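Peer 1: Shown below is the structure under consideration.
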Amino acid sequence: MEWEVSLIEWLQANFSSLGSIVKLLAFLGAESGLMMVVLIVMFCWKKETGQKLALVTVCVNMWLPMIKAVVLRPRPYMDYPDRVEALTLAGKDAAEKGVVAQGYSFPSMHSASIPALYFVLANEAKKKWLFVLAAILTVLVGVSRVVAGMHYPTDVLVGWILGFVVIGIFALLDKYVQKEWQYHAILIVSAVPGLFYVRTSDFFTAVGCLTGVIAAIYFERKYVNYQETRSVPAMFLRVAGAFIIYLAVNELLKLPFDRDFLAGANFLALLVRTGRYAITMFLVTGVYPMAFPLYERIGKKPENTKM
């Protein structure tokens, strides 16, 4: 719709100078920003709450691409390259700007992920200031996606709605599904239809993350069973170490494959992406916590032992 393009042009003409803030807000709603909050909660505050946040955010990023692949709405900068600039893309090559890498426009996953993550967190924590923060971030991130040229205003509006729909779906699952394995099975089965028609990397990334996180929940409970920490150095090391492993494993798993193959949209390449993220998330959230007892010793004086 013309009014949407005109609004994007006006926003970019008047707020493009806030490019750094727009990129920061884009980070908060993207893969790394969402994972940072999830890992802080999971490793440092409440493990079960962190695991729930992981499932909620992964499902947002899995279910919305299934809608995107039906609507097939290109992003504004794709439709109007002479009028709209993509402000948050790191590079300008065709592959990065394409649909396979960036996905379709409607609805906005950033706009759905922020309320889904932060309002669930606020509800779990029972803190009023977190509800205020969730509302502020929801608005700011949504508007920033329009300013960035990555979404039309209607993409953002529907993204906000769907974020709360996802919260409602999880509330129903919490209420009516008593067995954990059934709960997880429902989430995995919900991804199956997308395997037949979605051909964007965001969907297959999310399917891999979901599979890895669910496997890690059972593995960690049986073989690790770590406890939350109140040690600041341990908190920092837990989260920083997780990001290092996440980045390192993801890159190592790319080595056996050709770069052009991994960037492709064929089903096999996307399945490899799913496997890569499943392994990475399993290691980060399930196996890596075995190292946590080592972090607790930092800054503590060794106990004197009498002979």
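Peer 1: List the residue pairs whose Cβ atoms are under 6 Å apart, where the first residue sits in region 205-223 and is at pLDDT 95 or above, the second is outside any helix (DSSP H, G or I), and the two are 6 or more positions apart or on different chains.
Peer 2: VAL207/ALA191
Peer 1: Checking VAL100 against (1) within 29 Å of SER190 (Cα to Cα); (2) in a helix (DSSP H, G or I); (3) at pLDDT 85 or above, which test does it fail?
Peer 2: Against the list (1) within 29 Å of SER190 (Cα to Cα); (2) in a helix (DSSP H, G or I); (3) at pLDDT 85 or above, VAL100 comes up short only on (3).
Peer 1: Also: Filter region 106-146 down to the residues that are of a type in the set (S, T, N, Q) and in a helix (DSSP H, G or I), then identify the one that is surrounded by the fewest Cβ atoms within 10 Å (Cβ to Cβ).
Peer 2: Among residues in region 106-146 that are of a type in the set (S, T, N, Q) and in a helix (DSSP H, G or I), the one surrounded by the fewest Cβ atoms within 10 Å (Cβ to Cβ) is ASN123.
Peer 1: Working only within region 147-161, note down all residues that are crowded, with 22+ Cβ neighbours inside 10 Å and either out of contact with any Asp or Glu (no Cβ under 8 Å at 6 or more places or on another chain) or at pLDDT 95 or above (or both).
Peer 2: The answer is VAL147, ALA148, MET150, HIS151, ASP155, VAL156, GLY159.
Peer 1: Only one of (1) within 25 Å of LEU173 (Cα to Cα); (2) in contact (Cβ under 8 Å) with a residue 40 or more places away in the chain; (3) out of contact with any Cys (no Cβ under 8 Å at 6 or more places or on another chain); (4) crowded, with 20+ Cβ neighbours inside 10 Å is not met by ASN61, so which one is it?
Peer 2: ASN61 satisfies all of (1) within 25 Å of LEU173 (Cα to Cα); (2) in contact (Cβ under 8 Å) with a residue 40 or more places away in the chain; (3) out of contact with any Cys (no Cβ under 8 Å at 6 or more places or on another chain); (4) crowded, with 20+ Cβ neighbours inside 10 Å except (3).
Peer 1: Then there's this: Please verify whether LEU237 is under 30 Å from GLU180 (Cα atoms), touching a helix residue (DSSP H, G or I) at 6+ places or on another chain (Cβ under 8 Å) and crowded, with 17+ Cβ neighbours inside 10 Å, treating the condition exactly as stated. Give the steps one after another, and end with the answer.
Peer 2: Numbers: under 30 Å from GLU180 (Cα atoms): no; touching a helix residue (DSSP H, G or I) at 6+ places or on another chain (Cβ under 8 Å): yes; crowded, with 17+ Cβ neighbours inside 10 Å: yes.
So LEU237 does not fit the description; no.
Peer 1: Just checking, how many residues over region 211-232 are part of a helix (DSSP H, G or I) and either farther than 17 Å from CYS44 by Cβ or touching a helix residue (DSSP H, G or I) at 6+ places or on another chain (Cβ under 7 Å) (or both)?
Peer 2: The qualifying residues number 14.
Peer 1: Among the listed residues LEU270, LEU247, LEU294, LEU255, identify the single one that is surrounded by 15 or more Cβ atoms within 10 Å (Cβ to Cβ), at pLDDT 85 or above and of a type outside the set (Gly, Ala, Ser). Give the derivation first.
Peer 2: On the way: LEU247 fails: surrounded by 15 or more Cβ atoms within 10 Å (Cβ to Cβ); LEU294 fails: surrounded by 15 or more Cβ atoms within 10 Å (Cβ to Cβ); LEU255 fails: surrounded by 15 or more Cβ atoms within 10 Å (Cβ to Cβ).
That would be LEU270, the only listed residue that is surrounded by 15 or more Cβ atoms within 10 Å (Cβ to Cβ), at pLDDT 85 or above and of a type outside the set (Gly, Ala, Ser).
The values are calculated or read from the model by the stated rules, or taken from the named source; none is laboratory data. Because the structure is predicted, anything quoted here is derived from the model rather than measured. Every residue, glycine as well, gets a Cβ built from its backbone with ideal geometry; the counts of neighbours run over all protein chains shown.
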